[in-house]
Amino acid sequence: MQSEVREEIVLRTQQLAKAFKALSNENRLTIYLEILRHREGVLKPDDACGCMLADIIQSLNIGAPTISHHMKELINADLIEVSKQGKFIHCRVNPDTQYALEQFFSRSGKIQLEKESDKADDPSPLSA
């Protein structure tokens, strides 16, 4: 039982580390926040009139190949999910990763306090 909990913590930590690494790039963070804001965006690669992809390209002032690279990084970090329907690409925030991030940020202060109180209770010289 305890090893299952430990394994889940390790997996969650790895998931969060991948997400943080991907979001450490300003352009990827902007793209992720834009997709999050739209909750579900439809990207039209060939249409430049008011579509989400064109808006992102214009707002970031970077080209479509660079956007494509950043999208791939967000997908690899499990931050977004993409499905293709014809020439349309549907992007959604991955709810599992979003939940993990929400839990991290809502509990991070509590986790920090728990670790500090553990150190106070541990007389081991290595904990100082």
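From the residues in segment 36-65 that are more than 11 Å from the chain's Cα centre (by Cα), surrounded by 14 or more Cβ atoms within 10 Å (Cβ to Cβ) and within 23 Å of Asp96 (Cα to Cα), which one is modelled with the lowest pLDDT?
The qualifying residue modelled with the lowest pLDDT is Gly41.
Report, ordered by the first and then the second residue, all pairs with beta carbons closer than 8 Å, sequence separation of six or more or different chains, a first member in segment 74-92 that is at positive phi, and a second member that is aliphatic (A, V, I, L, M) and surrounded by 15 or more Cβ atoms within 10 Å (Cβ to Cβ).
Asp78/Ala19
The values are calculated or read from the model by the stated rules, or taken from the named source; none is laboratory data. Quantities reported herein were computed from a predicted structural model and do not represent experimental measurements. Here Cβ is always computed from backbone atoms with ideal geometry, including for glycine, and neighbour counts include all displayed protein chains.
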